[in-house]
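S.K.: Attaching a single structure in structure tokens format; questions to follow.
Since every read-out is calculated from the coordinates, none of them should be taken as a lab result. Note that the coordinates shown come from a computational prediction; the quantities given were computed from them, not determined experimentally. Because the Cβ atoms are built from the backbone with ideal geometry, glycine has one as well, and the counts that use them run over all protein chains shown.
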Amino acid sequence: MMNRFFKCVLLAVVISASAFSGTLAQAQDPTLREVADRKGVAIGAAISSWTFDADSKLRDLLAREFNTLTLENDAKWCNIHPTADTYNYAGTDRLVDFAIASRMQIHAHTLLWHECFPDYLKGQTLSRDEAIRVMREHIATVVGRYKGKIAVWDVVNEAFNEDGTYRETPWYKWIGEDYIPLAFEAAHEADPDALLFYNDYGIEAVNAKSDAVFEMVKRLLTAKTPIRGVGLQMHVKLGSVGAGRQLDPASLRENIQRFGLVGLQVQITEMDVAHTGEPTEAIFDYQAGHYLQIADACFESRYCTGLITWGVVDKNSWLRLPEFSNNPQVSPLLFDDQYQPKKARDAVLDSLLRSMDETPVLSDSERAAIVAEPIVERADLPEPVKTDANQLAPDSVPGTAYYAAFPVTITLDGDASDWANIPRGSVDNVLLAPPSAATTMRFAAAADDQYLYIMADVTKAGLVYGKHPIATEWYEEDSVEFYVNATGNLSLLAYEPGVAQIGIAAANIDNKGDKPLIGGGRSDDVEVKVVAVRTSEGYLVEAAIPLKSDVWTITPKAGGIIGFQVHLNGASTVDRDTKLIWSIYDTADNSWQDPSVFGQLIFWDKAR
Ligand code: XIL
């Protein structure tokens, strides 16, 4: 279980532990650091010198709970080597000195990356030889300065695209594929004892991108390139981790195993778990369940030698910056804004302890509870209110419930006047948006005895459609989505007959065929009619969903409820860069696979 990398840490700990043996109080949980040291794995957090300098409480917490310090920003090229002939070591030096004084390992990030690319090299055309010279000099200088002090270097960061092709970084353009082995060789020459890692995001599970990285590292190993590890970044969103989800722990295990079997170690290098909205206890519990599943997959494998979080306390997370997330309240880490351990920290601790068969800190049922999808308490709805006496149904409850008036018959003609007294719902949760976007969506629904009619009124500058195959990638361009769960079970965790995601492409505006352009899970189960037209501010969609089909019979009656959800997808140029969501229960864009995160549509007798 123990690997060479951590032998020195381990020795130091055995000595100090025996010096104190018998005097340590057992009442409190052990720290992450004590347990990770005993196991011989890295437990780390990333930090920038500017955050570090400003906060002594943070420094204390870092050294107490972690045995590894990752350089979050200071060692990136644009910071440490800002002009051709200036190196700026000040921040890195302070972090390295602190780590050494605190007997922590240093994980240095990163030598080559397309981001934080220095201004003086931007837009340059370098010959292959010149580029190799510039790259080697940087690596030799930076790695050389910290020779013997830095345990791990991320040599190359994020060199692949999602489809497994090489990212066209300047280094790739100037040098070609072998910039990667050349960089590893340069780093190894400068410090033969440093463990050299390749690091990337989106390679956590077995997929096209991780396949490409796997093939690349095998080529490097065959050529005796001194690569020793692969870093899986692990920036994940709440709801994306779990059996059958985007990141299935079984696939993560398989991935760790395959890299291990060719002789590499694997570390989780940048973990955080993002969520939308204000964090609640239910969110923190579910988030802890994500940390638990990832930590379990890591620590049960002899090949996974560490888990590093991308920050120490929530308030310093990079995801609090507007350029990296839309949620100023996001709290993705193990420690809260008051420096207190969160449930996520207990989860990681529990995983470490159990991997060594030591006394756990969470019971089996606590573990099961945080892994399980939180039970969404459907909000107690307020008394229905009509703000305007002419309304055919009460105001919708934002993100929670929509009252659909019946019987109302709508003509699909691209003219919204027959929706006049039907209340509008507003799709307010911005999961994804380009910085200057002002895209909005309002919707309405009503029914007669044949159809559930829906209407979407989208405000958007410039429509993008017709650039993707509708059948498979309709959601990459301008489109609206209406979801229906008519099974009667609003807690369903997966699609089954009676649930449908009806994605309606803006491409219907120009559709001359007789079949509407529709996509989405089980959308073929029902025959939806669509009319879409441009408006002065964007576009308008009207659709009719049949109430009787092979998969459902929906009979509107006062107070009858179906699961209901509304999304908007928007693109500014080609691919989707806007995602708006109506239901407050869908915090991770999961409605396509999980009907339990829908809101509800309540039928309302208009005569009432
Ligand atoms: C981020 C830092 O956390 C931010 O402070 C900085 O402004 C941008 O970079 N993947 C990586 C990291 O490999 O280097 C990034 O760090 C986060 C995503």
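S.K.: Relative to a virtual label point 7 Å from the Cα of Asp29 in the Cα→beta-carbon direction, which members of the stretch 345-372 show backbone nitrogen distances below 14 Å?
M.R.: The answer is 345-354, 359-364, 366-367, 370, whose backbone nitrogens lie closer than 14 Å to the label point.
S.K.: Roughly how many Å is it from the Cα centre of the stretch 268-324 to that of the stretch 58-93, as a whole number?
M.R.: The stretch 268-324 and the stretch 58-93 have Cα centres spaced 21 Å from each other.
S.K.: Across the stretch 322-329, in residue order, what do the Karplus-derived ³J(HN,Hα) couplings come to in whole Hz, using 6.51 cos²θ - 1.76 cosθ + 1.60 with θ = phi - 60° and x for Gly and Pro?
M.R.: x, 6, 10, 7, 8, 10, x, 9
S.K.: Here is a further query. Obtain the nm distance between the two label points defined at Lys122 and Ala471 by a simple spin-label model: each point lies 7 Å from its Cα along the Cα-to-C-beta direction.
M.R.: For Lys122 paired with Ala471, the spin-label model returns 4.3 nm.
S.K.: Moving to a separate point now. What nm value, rounded to one decimal, do you get for the distance between Ala372 and Arg302 when each label is placed 7 Å out toward the C-beta?
M.R.: Placing both labels 7 Å along Cα→Cβ, they lie 3.6 nm apart.
S.K.: Could I have the simple spin-label model distance between Val574 and Asp97, label points 7 Å from Cα toward Cβ, reported in nm to one decimal?
M.R.: With each label point 7 Å from Cα toward Cβ, the separation is 4.9 nm.
S.K.: In addition: Provide the net charge surrounding Thr225, with neighbours chosen by a C-beta distance below 11 Å and charges set as Lys +1, Arg +1, Asp -1, Glu -1.
M.R.: +2
S.K.: Additional query: Over the alpha carbons of the stretch 359-450, what is the largest minus smallest coordinate on each principal axis, giving the biggest first in Å?
M.R.: 67, 37, 28
S.K.: Report the extension gain between Thr165 and Glu137 in nm, rounded to one decimal, defined as 0.36 nm multiplied by the number of residues separating them, less their alpha carbon distance.
M.R.: Working it through step by step, the gained length comes to 7.4 nm.
S.K.: Using packing as a proxy for protection, rank 292-303, 77-88, 525-536 so that the peptide with the highest average count of other Cβ atoms within 10 Å comes first.
M.R.: Most protected by this proxy first, the peptides run 292-303, 525-536, 77-88.
S.K.: Okay, moving on. Considering the convex hull of the alpha carbon atoms of the chain, report its projected area averaged over all viewing directions, in nm², one decimal.
M.R.: The number I arrive at for the chain is 30.0 nm².
S.K.: Scan the stretch 141-207 for GluC sites (Glu not before Pro) in coil per DSSP, keeping those whose Cβ has at most 10 other Cβ atoms within 10 Å, and list them by number.
M.R.: Here the sparse-neighbourhood loop sites are Glu168.
S.K.: Here is a follow-up. State, to one decimal in nm², a quarter of the convex hull surface area for the C-alpha atoms of the stretch 526-597, i.e. the direction-averaged projected area.
M.R.: Its Cα hull, projected and averaged over all orientations, spans 7.1 nm².
S.K.: What's the percent breakdown of Cα-Cα distances in the stretch 267-369 across 5 Å bins, shortest bin first?
M.R.: Whole-percent P(r) values from 0 Å outward: 2, 13, 23, 24, 18, 11, 5, 2, 0.
S.K.: Can I ask one more? What is the local net charge at Gly311, summed over the other residues whose Cβ is closer than 11 Å to its Cβ (Lys, Arg +1; Asp, Glu -1)?
M.R.: Neighbourhood net charge equals -2.
S.K.: At what distance in angstrom do the alpha carbon centres of the stretch 557-574 and the stretch 156-218 lie from each other?
M.R.: 41
S.K.: Can you give me the C-alpha center-to-center distance between the stretch 579-608 and the stretch 442-485, rounded to a whole angstrom?
M.R.: Distance between centres, Cα-based: 14 Å.
S.K.: Same structure again: Per-residue ellipticity at 222 nm for the chain, helices alone: DSSP H runs ≥ 4 residues times -39500 (n - 2.57), over residue total, nearest 500 deg cm²/dmol?
M.R.: Theoretical 222 nm ellipticity from helices: -8000 deg cm²/dmol.
S.K.: Using amide H atoms built 1.01 Å from N in the peptide plane, name the residues 5+ places from Gly399, or on other chains, whose amide H lies under 5 Å from its own.
M.R.: The answer is Ser426.
S.K.: So, one more: Please state, as a whole number in µm²/s, the translational diffusion coefficient that the Stokes-Einstein equation yields for the stretch 455-608 at 20 °C and 1.002 mPa s, with Rh defined as the Kirkwood radius across alpha carbon pairs.
M.R.: Reported coefficient: 134 µm²/s.
S.K.: If I take R0 = 51 Å and measure r between the Cβ atoms of Gln593 and Tyr339 in this structure, what FRET efficiency does the formula 1/(1 + (r/R0)^6) give, to the nearest 0.05?
M.R.: The value I calculate is 0.90.
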